[in-house]
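The values are calculated or read from the model by the stated rules, or taken from the named source; none is laboratory data. Model, not experiment: these values are computed from the prediction. Virtual Cβ from ideal backbone geometry, glycine too; neighbours counted across all protein chains shown. Please note that ligands, DNA and RNA were not included when accessible areas were found on the heavy atoms of the full protein model with its side chains. Shrake-Rupley method; radii C 1.70, N 1.55, O 1.52, S 1.80 Å.
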Amino acid sequence: MLINIGHRSLCLILGASAIACLAACTTGQSPPPSTAAAAALPTPGSAPAPRKPGVAIKAPYAPPAPPPEYIPPKPRGPDDGYFVWNPGHYHWDSTSPSYTWLPGGFVERPYQGSVWTNGSWTLSDGQWGWAPGSWQ
């Protein structure tokens with residue numbers, strides 16, 4: 001059976017089908033981000049956000065001396081200080097329990113004028129604690 005549909009009718013049917021498909025695809029999706037959420041993001045030059053309390057990493061003994069580490073060439077950025085080397089460090093794995101070496105890598109500066117502070121292990125009350133690196 002062959003139905004003779006005119007060009008205009010065919011366009012109307014295809015257009016209505018496309019609209020119905022788009023409506024079905026977007027049902028139940030979350031709305032786009034609000035301007036209030038965007039306003040909460042840090043702007044270049046603004047003060048760093050206060051640190052949130054994290055999980056404390058404690059170890060019963062000191063980490064071994066770090067192995068020699070090859071530092072590859074710095075990635076290209078808009079300026080020389082855009083990427084900073086974050087040296088490798090030992091991570092305490094309480095499930096083993098032992099240290100695991102995590103190699104270093106470059107970290108991207110979040111805003112101009114920020115300064116990277118490397119992470120470190122420190123002894124306190126007979127336990128070694130890890131303070132992760134952060135931007136100031």
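Do you know which of the residues in the stretch 49-94 that are out of contact with any strand residue (DSSP E or B) (no Cβ under 8 Å at 6 or more places or on another chain) and charged (D, E, K, R) is modelled with the lowest pLDDT?
In this case the residue turns out to be Lys52.
Tell me the strands (runs of 3 or more DSSP E) entirely within the stretch 73-136 that contain at least 1 residues that are open to solvent by 60 Å² or more (accessible area, probe 1.4 Å).
Working: elements: 83-86, 89-93, 98-102, 105-108, 120-124, 127-131.
Qualifying strands (runs of 3 or more DSSP E): 89-93, 98-102, 105-108, 120-124, 127-131.
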